[in-house]
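Q: Following this message is one structure expressed as C-alpha cells.
The values are calculated or read from the model by the stated rules, or taken from the named source; none is laboratory data. What you see is a predicted model; the values in this text were computed from it and never measured. Virtual Cβ from ideal backbone geometry, glycine too; neighbours counted across all protein chains shown. All accessible areas refer to the heavy atoms of the entire protein, side chains included, with ligands and DNA or RNA removed. Shrake-Rupley method; radii C 1.70, N 1.55, O 1.52, S 1.80 Å.
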Amino acid sequence: MEGSLLPSIDLFSTMSSIALPALDHNQRIIHIEGMKKLISSWYNGQTLLETYIFPPDARHGNLTTAHSRDNIPMIDLGGAEGGDQTYKIQKILKPSQEFGFLQVVNHGILESLLNDTMGVFRELFDLPEEEKANFYFDDPKKNCRFSTSSGYFDLEDVRFWRDYLRLPCHPLKECLQQGPQQPRLGLGTAYFRDELCHNVTLTVNHYLPCLDPSLTLGMPKHCDPNLITILLQEGHVNGLQVFKDGERISVEPISQALVVNIGHQLQIISNGKLKSAEHRAVTSSSHSRTSTAFFIAPSDDCIVEPAEALISASNPQHYKPFQYKEFFINYVMKQGKTEVY
Ligand SMILES: O=C(O)CCC(=O)C(=O)O
Ligand SMILES: [Fe+2]
C-alpha cells in the first residue's frame, strides 16, 4: 500500500502518533475480539443478522420515489462569476435556507487529490485484519478509531450497516485566518474563528453490499449535530438521501462535487435562518460505497447561541444558549433524535 499513499499524508503514522502506543499481547487480543463486530469481519453475503433489521417505518422504502440530483442545488464556484464573493455567498445562502444541503463544483481542490484521498481510504478498509486491529476501538471516546455502526453500541436499538474510520484533523484556525474578510450571514468571518470551529474530524464511512437493503440502513435518518459538514461521495454509487417536505431526495454523486450540509449548530447560530436537513444513508445489494465526511464542530466548552446580529423584533431569539458538550451528549443519548425546531 505504501506506493499508493498520498505523498503528503502518511495516514498510518498520523494515526499512530495520535492515538496509540504499541499494543501488548492482551490488548491485541481485546482489539481482535472487538473487531469481530465489523461487518467486514463477519458478513459472508448469505445471512443478515436480526440486529441489523430496522423497524418498517424507518426502512429504505422504495428508491424510485427518491428524486434525482436536480432537486439538490448545485453551485459552481468557478467561472467568471465565481470570483465574486458576494455572488458566491448569495448562491450558497439560498439552498442553505431552503434545503440545508447543496453540492459545490469547481471548489478549487484538485481532482487528483480527491481521487487519491478516496483511493487511500478505500484501501484502508481492505487491509488485513491484524493491521486494522491496531486501530479498532469500541470506545467512542477514542478520537482515532476503526469501528462500526454508530460506535455507541450500548445505546443502539438497531445496528447501522457501516464500518467506519474516524480521524481527528488539524485545527482549522490557520485556514480561517486566510482569505477575504467578507461578512457571511451578516456575521464577520471572525465570528466563526476559535471555539465555534475548534473540532475538526474526518469520518470515512464504508458501506458493504448488503443481502437485503430494504431491511437495513447505513445510517438512519438524522441531522448532523455539528456546525457544518463537507462530504465527498464516491463517483458512482447512490446512497445519500435528504428529506425535504416529507419527500426523499437522492443526492446522486457528481464527479468532483462536494456535498455541503448545515448542522444543528449553524441552524441555532443563524437563529433558524439556515436549516439542518434530515438525511440518511441507504445500502445497496450490489456495490460497496465509501463516503468521507469532514465535520466542523464547536469545542466541548463552547457556549452556542443565536448570533445577536440575527435577532430582531421580527425574528426573536429562537434558541437558548447551551454548552456544546451538553448538546452532544443529549444527541448521542437520543441516538440523533434531537429536535431543535
Ligand atoms: O454516507 C453518507 O453519504 C452520509 C454520511 C452521514 O450522514 C454522516 O456521516 O453523518
Ligand atoms: Fe450525517
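Q: How big is the accessible area of Asp84 in square angstrom, nearest 10, if you roll a 1.4 angstrom probe over the protein chains?
A: Asp84 has an accessible surface of roughly 70 Å² with all protein chains in place.
Q: Once R0 is set to 22 Å, what does the formula 1/(1 + (r/R0)^6) return for the Cβ-Cβ distance between Leu211 and Ile254, expressed as a FRET efficiency to the nearest 0.05? Walk me through the intermediate numbers first.
A: Working: r = 29 Å, r/R0 = 1.31.
Efficiency, from the Cβ-Cβ distance: 0.15.
Q: If you stretched the chain out fully between Ala307 and Glu247, how much longer would it get, using 0.36 nm times the residue separation minus the C-alpha to C-alpha distance?
A: Numbers: separation 60, 0.36 × 60 = 21.60 nm, distance 3.08 nm.
Here the segment from Ala307 to Glu247 would lengthen by 18.5 nm.
Q: Still on this structure, please answer the following. Could you name the lysines in cross-link range of Lys334, using Cα to Cα under 18 Å and dropping any fewer than eight places away on the same chain?
A: Lys141, Lys221, Lys325
Q: Using a probe of 1.4 angstrom, how much of the accessible area of the range 199-341 is carbon and sulfur, in percent?
A: Values: 3070 of 5620 Å².
Of the solvent-accessible surface of the range 199-341, carbon and sulfur hold 55 percent.
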